[in-house]
Amino acid sequence: MRFVLKTDYHHDVDIFRDRVQLGWYAALIIFVLSLPIFWGTYLESQLTLVFLWSIAGAGLMILVGYTGLISLGHAAFLSVGAYTHAIFLDLGVPPFTSIPLAMLLCSALGVIVSIAALRMTGIYLAIATLAFAMIVEKILKNWSSVTGGNTGFKVASPELFGWELNSTLYYYVCLLVLMVVMLCVTNLLRAPTGRTFLAVRDSEISAQATGINLIKTKTLAFAVSAALTGLAGALLAHQMHYLFPDSFNLFTSIKLLMLVIIGGLGSMWGVIFGAIFMTLLPDLIATLREWLPDFIGNLPGLEPFTFGLILILFLIFEPQGISGRWQKIRLFIGQFPLYRKRTFRRQKSFLRTERVH
Amino acid sequence: MFEVSELSKHFGGVAAVDNVSFSVDKGEIFSIMGPNGAGKTTVLNLISRFYDVDVGTIRFAGQDITRVSPHEIASIGIARTFQNIELFERETVLQNLLIAHYIHRQTNVLSDFLFLPHVRRQEVKFRKEAEDIIDLLHLQRYREQRIHALPFGVRKLVELARALCLKPKLLLLDEPSSGLNPEETEDLSFWIEDINKDLGITILMVEHDMNLIGHLSNRVLALSSGRSIALGTPIEVKDHPDVIRAYLGT
């Protein structure tokens, strides 16, 4: 295990712990950059999907993992982002304008949803956001003069400065956007604004006592979250070629929520782990179908069943998700053979103040 | 400096606080004592605006703060601790202290997103100020530990440290010694004295421990069933017949 001697307060502010960690990240980026050279187009498009789900997951992670608010309606932000971007492209607006416009519209919707969120928590908030997603889906279905309704909406192929992007270039664009998003979110979380999210998640009472405006913080979390998910939606539109009102439905929202829970709440790496897992799982299930005996392999509900089973197993055995498991493995290797299981056991907490609720 | 006049709060038919008035002078340590259910904590919750005041006014540094929002209290210069501890449990001690620097920020959301140079300068400044508080309360060895892994006594100190990070003019302590052993209580009394003398912070505390009150306070207010029954120096209040009756019955 390495110990880092901190000699300056800048060390506590920096993103990377030391040069060694910076080196690992650089190696990872070079590896991901070189992947399209070795891999076929199928894996390339799957990885592009991983990047896009990571961006959407980063949006939801801010809300669920860092601010402690739940949303079952994030598919709505995906579809609003996708439709807005596609419609503006169709009108001849360049992508550098249409994507920010899509993000702006999504964050405006996020602010509207947050008005409900300010009065609700837990299951009630989940239902409210679910209702919001239903409303958006109905609007997209019935406003056919703009969205094309059930016949779908064709998305223009991705272009940059007049150059059409092929799938490899699009892979790089998505990777770049993901890296910028990750940097921005990490920045936010190490600055005063991001810390207010953590404060609201852990104790609303203390947050108020330390001068944090709950209304402002929750509204901001919803706005940022919706904008990032809208960005992912806009980029996803190009991958889907055709948009339908139910392209992003309740199952998409649940998948997004699963992504952040299985990845690990409260960790940006968790978003990426979760996105990889959720993108590769359908492939894995498809492969499994061939191996399993016919009467199980041909069952139509096998995929949702496996998704549900895995979510339940994670909630019971590893509530910290893949990123929590990864931390434990790293510590196990770092401290070998001195690792103790107890390290991560949570101490029973004492009574929280009940007198001011 | 701080003044509460004719404060009342009812919960249903129960008068939790009934026509209580007192004032705290600058630099003073003022204690509120009383048996269980006397309304001591309710007074603190009224001051920090977690409860709405039914009748009466609260004034601080010449400003009427009876109707301000709970989150504005900290920027006005009043910090508090809680009896049963309200910390940001999943964060480290350091992170808890940094969260409390929020009200001193000079940056906005956009500059935070981009982490512009002045955000970094501000972060380093906050980090240094948090370290000063850590030094003051000897919390160095717990700096990087998460709250849920810490013993109760240390959590109480962290809460005190967090309140100090707000750089308050008035500090409200809700039973600072509850849950501490005699040794920890003694340490705490020295720290409270230091905070009062060296940092010049006025202290208003709710306390049960008569030793601690007698040792620290300039003046004491005794409450019983929401009414104030005695106000004066610790010795005067301790020997007041109404106070003895409230504690021991008639």
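The values are calculated or read from the model by the stated rules, or taken from the named source; none is laboratory data. Computed from a predicted structure; not experimentally measured. Cβ atoms come from the backbone with ideal geometry, glycine included; neighbour counts cover every protein chain shown.
Contact list please: Cβ distance under 7 Å, first residue in the range A:3-26 and away from every other protein chain (no Cβ under 12 Å) and in a loop (DSSP other than H, G, I, E, B), second residue surrounded by 11 or more Cβ atoms within 10 Å (Cβ to Cβ) and at pLDDT 85 or above, pairs at least six apart or on different chains.
Final answer for the pair search is A:16/A:22; A:16/A:25.
Could you figure out which of (1) on the phi > 0 side of the Ramachandran plot; (2) within 14 Å of the chain's Cα centre (by Cα); (3) of a type in the set (Gly, Ala, Ser) isn't true of residue A:227?
So residue A:227 meets the others, but not (1).
Table: residues versus (1) more than 14 Å from every other protein chain (Cβ to nearest Cβ); (2) more than 19 Å from residue A:234 (Cα to Cα); (3) not hydrophobic (A, V, I, L, M, F, W, C).
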site: A:117; (1), (2), (3): yes, yes, no
site: A:121; (1), (2), (3): yes, yes, yes
site: A:133; (1), (2), (3): yes, no, no
site: A:145; (1), (2), (3): yes, yes, yes
site: A:164; (1), (2), (3): yes, no, yes
site: A:173; (1), (2), (3): yes, no, no
site: A:178; (1), (2), (3): yes, no, no
site: A:182; (1), (2), (3): no, no, no
site: A:195; (1), (2), (3): no, yes, yes
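Which residue pairs have Cβ atoms closer than 8 Å, lie 6 or more positions apart in sequence or on different chains, and pair a first residue in the range B:222-250 that is in the same structural domain as residue B:21 (by TED's automatic domain parsing) and on the phi > 0 side of the Ramachandran plot with a second residue that is among the hydroxyl-bearing types (Ser, Thr, Tyr) and surrounded by 17 or more Cβ atoms within 10 Å (Cβ to Cβ)?
B:226/B:42
Looking only at the range A:197-251, how many residues end up being away from chain B (no Cβ under 14 Å) and in a helix (DSSP H, G or I)?
Residues meeting the conditions: 14.
Does the range B:138-149 contain at least one residue that is within 11 Å of another protein chain (Cβ to nearest Cβ), farther than 25 Å from residue B:75 by Cβ, assigned to a helix (DSSP H, G or I) and over 22 Å from the mean Cα position of the chain (by Cα)?
yes
Anything in the range B:77-108 that is more than 8 Å from every other protein chain (Cβ to nearest Cβ), in a helix (DSSP H, G or I) and either crowded, with 24+ Cβ neighbours inside 10 Å or among the charged types (D, E, K, R) (or both)? List them, or say none.
Correct list: B:93, B:96, B:97.
Among all residue pairs at least 6 apart or on different chains, which show Cβ distances below 6 Å where the first residue, located in the range A:83-112, is touching a residue at least 12 places away in the same chain (Cβ under 8 Å) and the second is surrounded by fewer than 21 Cβ atoms within 10 Å (Cβ to Cβ) and β-branched (Val, Ile, Thr)?
Sorted first by the residue in the range A:83-112, then by its partner, the pairs are A:111/A:219.
Only one of A:206, A:253, A:247 is more than 30 Å from residue B:155 (Cα to Cα), crowded, with 22+ Cβ neighbours inside 10 Å and touching a Leu at 6+ places or on another chain (Cβ under 9 Å). Can you tell me which?
Numbers: A:206 fails: more than 30 Å from residue B:155 (Cα to Cα); A:247 fails: crowded, with 22+ Cβ neighbours inside 10 Å.
Sole residue among the options that is more than 30 Å from residue B:155 (Cα to Cα), crowded, with 22+ Cβ neighbours inside 10 Å and touching a Leu at 6+ places or on another chain (Cβ under 9 Å): A:253.
All but one of (1) touching a helix residue (DSSP H, G or I) at 6+ places or on another chain (Cβ under 7 Å); (2) within 8 Å of chain A (Cβ to nearest Cβ) hold for residue B:128, so report the exception by its number.
The number of the failed condition is (1).
Assess whether residue B:39 counts as being more than 9 Å from chain A (Cβ to nearest Cβ), farther than 30 Å from residue B:143 by Cβ and either in contact (Cβ under 8 Å) with a residue 60 or more places away in the chain or surrounded by fewer than 18 Cβ atoms within 10 Å (Cβ to Cβ) (or both).
Details: more than 9 Å from chain A (Cβ to nearest Cβ): yes; farther than 30 Å from residue B:143 by Cβ: yes; either in contact (Cβ under 8 Å) with a residue 60 or more places away in the chain or surrounded by fewer than 18 Cβ atoms within 10 Å (Cβ to Cβ) (or both): yes.
For residue B:39, the condition - more than 9 Å from chain A (Cβ to nearest Cβ), farther than 30 Å from residue B:143 by Cβ and either in contact (Cβ under 8 Å) with a residue 60 or more places away in the chain or surrounded by fewer than 18 Cβ atoms within 10 Å (Cβ to Cβ) (or both) - is met.
If only one of B:27, B:56, B:13 is farther than 23 Å from residue B:230 by Cα, modelled with pLDDT under 95 and away from every other protein chain (no Cβ under 11 Å), which one is it? Can you show your working first?
Details: B:27 fails: farther than 23 Å from residue B:230 by Cα; B:56 fails: farther than 23 Å from residue B:230 by Cα.
Going through B:27, B:56, B:13 in turn, the sole match is B:13.
Wholly within the range A:75-155, which helices (runs of 4 or more DSSP H) include no fewer than the required count, namely at least 3 residues that are over 19 Å from the mean Cα position of the chain (by Cα) and within 12 Å of residue A:244 (Cα to Cα)? If you could, list the steps in order and put the result at the bottom.
Details: elements: A:95-117, A:122-142, A:144-147.
Hits in the range A:75-155: A:122-142.
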